[in-house]
Amino acid sequence: MKKKILSIGLSIYLLIPNIAFAKGEKIIPKHPTKQVKIMVKHLPASLPRMKTNFDFTYPDAVRGIYVNSHSIEGNKWSQLMELVKTTDLNAMVIDYKEDHGNLTFMPEADSPYREIGSQSIKNMTKLLEELEKEKIYPIARIVVFKDSVLAKEKPEWSFVQGEKVWTNGRGEAFVNPFEKKVWDYNINIAIEAAKMGFQEIQFDYVRFPEGFENKGDILNYTKGDYRKLDKSEGEKRVEAVTDFVQYAKEKLEPYNVKVSVDIFGYTATLEEAPGIGQNFSKISKHVDVISSMIYPSHWTNYFGIEKPDLFPYELVREYIKVEKQKLNQLENPPISRPWLQDFTAAWLGKDNYQVYGKEEVQKQIEALNDQGVNEFLLWNAGNNYTKNVDYTPKNKENKGD
């Protein structure tokens, strides 16, 4: 019975995450904003170094917010800057390659990624200069294997059903983690971000599509070097995703940037999640920072908590206990920097959710602090963050910092 409940819980968990990103303000259109011809045949091993003289320092502990390109070029930017400048927040996760596959800015004329550029952020270098001036740590978010633009241009790098590129229920296409050309495509983008001046590369959607274990047999796609591995299909997926992370870390080593990966929080509670190819411990071995998405609204019947959205402190506390056990088994564990919930999950229905405000956000942070974790990131798709939250870690209080 326990296994059955766990299975149901995982299914719901996998279905909910993207709802959170879409609820509230409509930030990203359902389909790519531009259809482009991507020049991917002759990508260089490395891109030209841009001239930068930025002087960023890693904070005492990263306490950051997610910022989309629409906020940067809109009226909300001054509000977000004021929020960070007047609180103990000190970092921003900036969309660099967004959820559809476009860059959020226009790269240099000789960049092989010019055709997927956009004017969403008018001047990325100027943005970094402003962050440097205010001592705000910049993290470049790069969405990897969810990429509708690349999938349409290179269907052989994607998953095909019949004569069309397969898309999920939200109309999103993925590219294939088994395809190493996809690895290089994204890693070269990450290298360009590092050369531009970003201090950390955060890879998101480092996985196969949700429920892939039920779709693999009906889709056409290459398994590349993994085809002949004497392992189960799930183990092959885990191997491919882990290998990508390790390869990315190695390729980015010369550029003196930290590498972080976003990962489903539930993966830390399992040996691995073979459907999507994520193994928490294996991925953690190859990154500087691991960022589990542990929004209370995304769990069900976990840790003995029937309605987790109503118990943010307890959910985060119980999760982080499990994560610490996993990380303590590693020789060189990464920094733990979870994603926390700063949005209201009304779609859960009456009596299953609560309005998230100051108290609910602070309870999540306190739960981390009480377990010795001082780093976190806040997610709100529309960048509408709760006012008057005290982000000061407990171990900084009364020390005159």
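The values are calculated or read from the model by the stated rules, or taken from the named source; none is laboratory data. Only a predicted model underlies this, so the values are computations on that prediction, with no experimental measurement involved. Every residue, glycine among them, receives a Cβ derived from its backbone with ideal geometry; neighbour counts consider all protein chains shown. With ligands, DNA and RNA removed, areas are computed over all heavy atoms of the protein, side chains included. Shrake-Rupley method; radii C 1.70, N 1.55, O 1.52, S 1.80 Å.
General observations
- Scanning the chain for long hydrophobic helices, with DSSP H runs required to stretch 27 angstrom or more by C-alpha along their axis and to average at least -1.0 on the Kyte-Doolittle scale, returns 233-252.
- A viscosity of 0.692 mPa s and a temperature of 37 °C, combined with the Kirkwood radius over C-alpha pairs in the Stokes-Einstein formula, give the chain a diffusion coefficient of 152 µm²/s.
- With the charge dipole of the stretch 100-194 set up from +1 on Lys and Arg Cβ and -1 on Asp and Glu Cβ about the Cα centre, the Cα lying farthest toward the positive end among the listed residues 136, 117, 166 is that of 166.
- Derived value for the stretch 125-192: Kirkwood hydrodynamic radius 13.8 Å. Basis is the mean of 1/r over every pair of different alpha-carbon atoms.
- Gain upon complete extension [residue 270, residue 231; 0.36 nm per residue less C-alpha separation]: 12.2 nm
- When the stretch 158-269 is reduced to its Cα atoms, the Kirkwood hydrodynamic radius in Å: 15.4 Å
- The charge dipole of the chain, taken about the Cα centre with unit charges on the Cβ atoms of Lys, Arg (+1) and Asp, Glu (-1), comes to about 620 debye, rounded to the nearest 20.
- Estimated translational D of the stretch 215-330 in µm²/s (Stokes, Kirkwood radius over Cα pairs; 25 °C; 0.890 mPa s): 155 µm²/s
- Among the trypsin sites (Lys or Arg not before Pro) in the stretch 173-231, those located in a DSSP loop and surrounded by at most 14 other Cβ atoms within 10 Å of their own Cβ are 227, 228, 231.
- Expected 222 nm ellipticity per residue - DSSP helices of 4 or more, -39500 (n - 2.57), all of the chain, to 500: -9000 deg cm²/dmol
- The portion of the accessible surface of the chain made up by carbon and sulfur, rounded to a whole percent, is 46 (1.4 Å probe; DNA, RNA and ligands excluded).
- The GluC sites (Glu not before Pro) of the stretch 319-401 that meet both conditions, a loop assignment by DSSP and at most 16 other Cβ atoms within 10 Å of the site Cβ, are 331, 397.
- Here the scattering of the stretch 303-344 is modelled by Debye summation over its C-alpha atoms, one equal scatterer each and no solvent; at q = 0.19, 0.25, 0.31 Å⁻¹ the log10 of I(q)/I(0) is -0.66, -0.92, -1.13.
- Taking a ≥ b ≥ c as the square roots of the eigenvalues of the alpha-carbon gyration tensor, the stretch 286-401 is classed oblate because a/c is 1.5 or more while a/b is no larger than b/c.
- Net lengthening on full extension, residue 181/residue 303 (0.36 nm per residue, minus Cα-Cα): 39.9 nm
- In plain terms, the C-alpha convex hull of the stretch 95-242 casts an average shadow of 9.7 nm² when viewed from every direction.
- Exceeding the 18 Å Cα-Cα cut-off - candidates 282/326; 97/282; 76/146; 164/228; 146/180; 195/251: 97/282; 76/146; 164/228
- Karplus-derived 3J(HN,Hα), 6.51/-1.76/1.60, for each residue of the stretch 63-69, Hz, glycine and proline x: 10, x, 10, 7, 10, 8, 5
- Using the 1.4 Å probe convention, the accessible area of the chain works out to 44 Å² per residue with neighbouring protein chains retained.
- Simple label model, 7 Å out from Cα along Cβ direction - residue 75 to residue 58, nm: 4.0 nm
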